[in-house]
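Encoded as C-alpha cells, the structure appears first; notes follow it.
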Amino acid sequence: MMGYWWRFFARERGPEAPAPRPAASGRDTATFDETRLGSLTCNDVEERFHRFILNLAVNAGDNVQSGREQMLLQRLGELCDDGRFDVRTLPRMPTVLPQLMRAMKSDNLNGAQLANLIRRDPVLVGEVMRVTGSVAYRTAHPIGSLQHAVVLLGQVGLRHVVSVYVMKPILMASAGANGQVIGQRLWDHAERCAHAAVFLSKGQCDPFEAQLAGLVGYTGLGAVARLLDKDLGQAVPACSPSFIAGCARIAARLSVQAGRHWDLPPLVLDALVEHAESMPEAMEQPMSRVLHAAQRLAMCQQLTEHGLLDGDAGYTDDAITRFPAQLLARCRQDLRQNFAQP
C-alpha cells in the first residue's frame, strides 16, 4: 500500500480543504486544473511540476497522446538517443570546480590554500568578494584580501557561493520564447532541491555532493524546452499527461548527458543515471534516494508558493517513506522558513 507520508506533517484540516491561493500576478502563464484534490499521487505532483516548469497548458481531454504529441516525443527521443543533442551548447563548468570540491571535503586545507584555488578564476574571485562585501557579512574592518573573504565565508558559505556561481547562469540560460521564465523556474526549484538535499544528506552521503546533485538534477528540462521551442520549431498546445511524462523521461536522460559533459563527481553522476533508468522504489544508492526525496519536497514547496498545490494535500510515494516521517517534516518546515513567499 502506498504510504501517506504527507499526513505526518500536514496541518490539521477541517472538512473543507482550502482552495489554492491565486498565483502571483505576472509569474505563471500556464493553465492548470484547479480542481481541489484531497490526495495526490507522486505522478500527479510530478505532472503539475513539469507543466509549471515547461509552461505547458493542461489538455482538457484524456491521457491519450495525439498523433502530433507522439511525433514530437519521437523526434525528441531521436535527438537524445542518437547522440545528436549537442552538449557543446551547454555552458561548461569552471575548470576549478572539481578541485574546489575535493579541497572543501578536506579538513586539512586552510584558507590560504582555498584562496589560491579560487584565484585561478577571476569571475569566482569577484563573486566571493561581492558576497562577503554584502550586509550579511559586513564586519568592523574592511575585507583586505581574498583569503580573509574565504575565511569569513567559511565552508558552508563558500559551498553556497560556488554552487550559485556555477549553476544559476546555466539554468537561467534556457533558450526559447519562454526561456527567461523557464530558466527562473528551474533555478528556483534547484535552490530548494539543493537545500533539501543537504538537509537529508546527514548520515547518507556527502552534503556538498548532495547539494550539487540537487542543483543539476533537472537541468535536462531546460534542454527539452529549448528543443521543443527552437530545434523542433513547434509550439506545444494543451497536451496530455502522458506527453508530459514522456518529456520528463527524455529530460532525465539529457541530465545524464549534461552531467558527463560537466565531468561531475562519480556519485553525483551515478545518481543521475539511476534516476534516468530506475523507478524510485528500485533506487539503491543513498545519493539517489536523497535526490529523489529532495526533488519531491522541493516540487511541493515551489508549487505551493505559486498557488498550484494545496500544501495540505495528501501525497503518496513509497520511495520517499524510506526516510523517517519526522525528518521529512522538519525538512519541509525548513523549506517553508527559507523559501516561502512573503
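Things to note:
- Annotation for residue 180 and residue 119: the two label points, set 7 Å from Cα along the Cα-Cβ direction, are 3.9 nm apart.
- Per the Debye formula on identical point scatterers at the alpha carbon atoms of segment 152-220, with no solvent, log10 I(q)/I(0) at q = 0.14, 0.16, 0.20, 0.23 Å⁻¹ is -0.42, -0.54, -0.77, -0.94.
- Simple spin-label estimate for residue 68 and residue 155 in nanometres, 7 Å along Cα-Cβ: 5.4
Values in this text are rule-based calculations from the coordinates and carry no lab data. Bear in mind that the values here come from a model prediction, so they are computed numbers and not experimental data. So basically every Cβ, Gly included, is an ideal-geometry build from the backbone, and we count neighbours across all protein chains shown.
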